[in-house]
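The values are calculated or read from the model by the stated rules, or taken from the named source; none is laboratory data. Just so it is clear, the model here is predicted, and its values are computed rather than measured. FYI the Cβ positions are ideal-geometry reconstructions off the backbone, even for glycines, and counts take in every protein chain you see. Ligands, DNA and RNA are excluded from the accessible area calculation, which covers all protein heavy atoms including side chains. Shrake-Rupley method; radii C 1.70, N 1.55, O 1.52, S 1.80 Å.
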Amino acid sequence: LRVLIEAESLLNDGTAIVLFQLCEAILLNPGSTSSYVATAFRMILGGPALGQGLFWGSFYWMKTTHDPVQKTMITVSSSYLGFFIA
């Protein structure tokens, strides 16, 4: 139950950030509707695509080692890289 509540909270936070950035783009840079739709799709689909890419890269990288320290470094570095890119 605790994991379900935490996942729901993260989903709400992510939705709020996407809506805020979309509203900010509409208010600060009035333009065509197609640019807003493109921005929304980039934000909605870009995050999961980035996460999947980093996951598979980390997964295959971790399969090459059996050292727990190296696996920890792969996990930390891929998490930071995802944060930096996003």
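Using the beta-carbon distance between Leu22 and Tyr60 and R0 = 25 Å, what value does 1/(1 + (r/R0)^6) give for FRET efficiency, to the nearest 0.05? The calculated FRET efficiency here is 0.15. Helix 2-28 and the longest principal axis of the Cα set of the chain meet at an angle near 40°. Along the axis of the charge dipole computed for the chain (Cβ charges of +1 for Lys and Arg, -1 for Asp and Glu, origin at the Cα centre), the listed residues Ser77, Asn29, Thr64 are led at the positive end by Thr64.
Calculate how steeply helix 68-85 sits against the longest principal axis of the alpha-carbon atoms of the chain, using the helix alpha-carbon long axis, and give the answer as 0 to 90 degrees to the nearest 10. Helix 68-85 sits at roughly 10 degrees to that axis. Computed from Cα atoms, the angle from the helix 33-62 axis to the main principal axis of the chain rounds to 0 degrees.
The base-10 log of I(q)/I(0) for the stretch 9-58, evaluated at q = 0.20, 0.22 Å⁻¹, reads -0.74, -0.83 [Debye formula, identical scatterers on Cα atoms, solvent excluded]. Note on Ile85 and Thr33: with the Förster distance fixed at 30 Å, the Cβ-Cβ geometry gives a FRET efficiency of about 0.60.
Give me the tail of P(r) for the chain as a percent: Cα-Cα pairs with distance above 17 Å.
63 percent
Across the accessible surface of the chain, with the other protein chains kept in place and a 1.4 Å probe, carbon and sulfur atoms take up 73 percent.
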